[in-house]
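In what follows, a single structure is set out as structure tokens and then discussed.
Each value in this text was obtained by applying a stated rule to the coordinates, not by laboratory testing. All values derive from a computational prediction rather than experimental measurement. For neighbour counting, all protein chains shown are included, and Cβ atoms are generated from backbone atoms with ideal geometry for every residue, glycine included.
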Amino acid sequence: MSIQYGEPDMAGSYGVVDSFPKDFGYGGDEAGIDDDSSASADTQPRILLMGLRRSGKSSIQKVVFHKMSPNETLFLESTNKIHKDDLSGSSFVNFQIWDFPGQVDFFDPTFDDEMIFTGTGALIFVIDAQDDYVEALGRLHGTVSRAYRVNPHINFEVFIHKVDGLSDDHKIETQRDVYQRANDDLADVGLEKLHLSFYLTSIYDHSIFEAFSKVVQKLLPQLPTLENLLNIFISHSGIEKAFLFDMVSKIYIATDSSAVDMQSYELCCDMIDVVIDISCIYGPIEDGGAYDKESLAIIKLNNTTVLYLKEVTRFLAVVCVLREESFERKGLIDYNFHCFRKAVHEVFEVGCRTQRNGGRPDDSLTSSTSTSSSTHAPNHRNYASHNGSMISPADYPEETRHELAATMSDRFDCKECSESLYGRKYIQVEQQPHCIPCYDRLHANTCHQCKDLIGHNARELFYEDRHYHEHCFRCFRCERSLADEPFTPQGEGLVCNECYCNEFSSKCVACDRTVMPGSRKLEYAGTTWHEDCFVCQGCEKPIGGQAFIPDKEAYYCVPCYEARLAPRCSHCKKALAKGGVTYQDEVWHKECFVCTGCKTPLAGQPFTSQGDSPYCVKCFSTLYAQKCAGCNTAITGFGDGKYVSFQERQWHQPCFKCSRCSVSLVGAGFFPDRDQILCSDCNSDE
């Protein structure tokens, strides 16, 4: 049997199966909102897509918001005028995308930067990572500088695009280089406070959807509240991860506070594609669409993981990742989801009423005045904020507060002191709620720099097993904040890239410039080069990882060395690049240095010569060696290497002995007797 839950009557002009109201602001309060009509196109929040020609701006827009296949974007024409795309009618994200042509000229008198940048929520600048991005960085600097002076509240996002063709190392190197150059350019003109966010993107994977999700989330003032509701939902339902998706674009507008695993996100995106495709084929369409309030989907993977999708509104759905044993309590999950969906509608109803009252909370609602704060540690931000003020469960309307308090758990107490947490702020540690005093007392980390506790309301940064206050996370050389900059560890301290390069990095001997951390370099004989600076002395092309041959203080690739400097083999006259034999001031390849007689290679073998020709021992003995008068074998000079010569006869030393008594005559007197030689004793006997 299935449990049916009644749907509440929602105030305003929208229902459960419709989109959220059009007069809801996603990037702050907008002027000109009428209570009875949706926002006009001129007052809708805008996202600007900018960049050079052919950088991929239009492709991003078509793939993310119009479901175009990435391969089809190859046939898109270049943008030659500003293209405005209103997404409010087909998606939850209620804003416009303005696609700018790459050749836009900010100094053109017809360019009205006040009109364009005022009211803009985010500016996305797209850089082609597969092209030379020097010109793109110059255009980025000019664009954000001008936009910041008009509207300092714009979120500036940089998409380092088309990284699908790059290796992982090249991606990291490119992102580091773009980050360093872009921020250095801003610092040179005194715009250090202008913050740029960088993303590696490609339309051929889910990275572009992940990046756009981050951009859209920054425009949602209700994001902390939605995150808190998702935290409560998953903690009481045994769910590992939950995303609140815009079904049309596959952008997730919120997720719980645990880290986003790209593999889980990609699985959820694929599930949405399957649900939409199957719904369009088999679902009823006479009521305005196949995806409605009854839509749900369950996919069981072969690793005991379950993907569970349920509709929140016509454009929103929650996709959950959980284990099979947790999914056995599906009734509990469905009931908690029912409460979650009602709470989401209440949250956005608060936003609508606040806007309709000119930015003041509705009189029927209670608001808190405590200051919002957040921390980077996972599972710590389990309270909601609205318009800069904290909202705990007690701040919701009575009906919603009753649902949150009474349905998701019978009791909701602090794990340590057992005091009730209803109406109070709390923090989850290992899925267990803790009141603020207990959390600070038991679980707050100690700052590695100042040694003080890092309270729940302080932003916490960490590196490896060291934790810091945000204001303590600084370069120990120049005291520059490292919160949003790359850094390098040095012993117990951390240094920024600039200090590290000045004090610790080696310099390229070719250009005398610092070799930046993370860049590719070559080292040889204690000397360092940039990869592009290590070039052949002959052809002046980078040697890279190829073989090279040093010659004094110069370095040559193998072809240049063989053509210019390599000695020539005396036999074949070809270049001798490595390994050879030197004989009589001439060089041979090892395979060319052979016996003149039998052609056996002599490299590494004993040999002798006759005139200028080398011979192996066997051939020399056969052809030229004298015979021993004692043993009648060749005297080659090898072995003990000594022999005795008398008149026209020669003997090996061991063979030079008395012909009668065989006593050695080496170093002693002897007497020749025709063909014999005798010692003095044998000669006396005669």
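Pairs of Cα atoms nearer than 8 Å and 6+ residues apart set the relative contact order; for segment 69-212 it is 20 percent.
Is the C-alpha gyration tensor of segment 524-612 telling us rounded, prolate or oblate? Criteria: a/c under 1.5 is rounded; beyond that, a/b larger than b/c is prolate, otherwise oblate. Since a/c reaches 1.5 and a/b is larger than b/c, the shape of segment 524-612 is classed as prolate. Here the simple spin-label model places points 7 Å from the Cα toward Cβ, and for Tyr583 and Ile299 these points are separated by 7.4 nm. Once backbone amide H atoms are built at 1.01 Å from N, Gln610 has Tyr615 as its partners under 5 Å, excluding neighbours fewer than 5 places away on the same chain. Distances between placed amide hydrogens fall under 5 Å for His467 paired with His448, all partners being 5 or more residues away or on another chain. Here r is the Cβ-Cβ distance between Val260 and Gln546 and R0 is 35 Å; the resulting FRET efficiency, rounded to 0.05, is 0.25.
Between Phe671 and Arg477, the FRET efficiency from the beta-carbon distance, with R0 = 56 Å, is close to 0.05.
Using a cut-off of 19 Å between alpha-carbon atoms, which lysines can reach Lys241, once sequence neighbours fewer than 8 places away in the same chain are excluded? Cα-Cα hits under 19 Å: Lys214, Lys250, Lys300, Lys310, Lys330. The 3J(HN,Hα) values that the Karplus relation (6.51, -1.76, 1.60; θ = phi - 60°) gives for segment 238-245 are, in residue order, x, 9, 7, 8, 9, 10, 9, 9 Hz. Gly and Pro appear as x. A cut-off of 5 Å between modelled amide H atoms, ignoring neighbours fewer than 5 places along the same chain, links Phe198 with Val158. Extending 7 Å from the Cα toward the beta-carbon at both Asp612 and Asp184 defines two label points whose distance is 6.2 nm.
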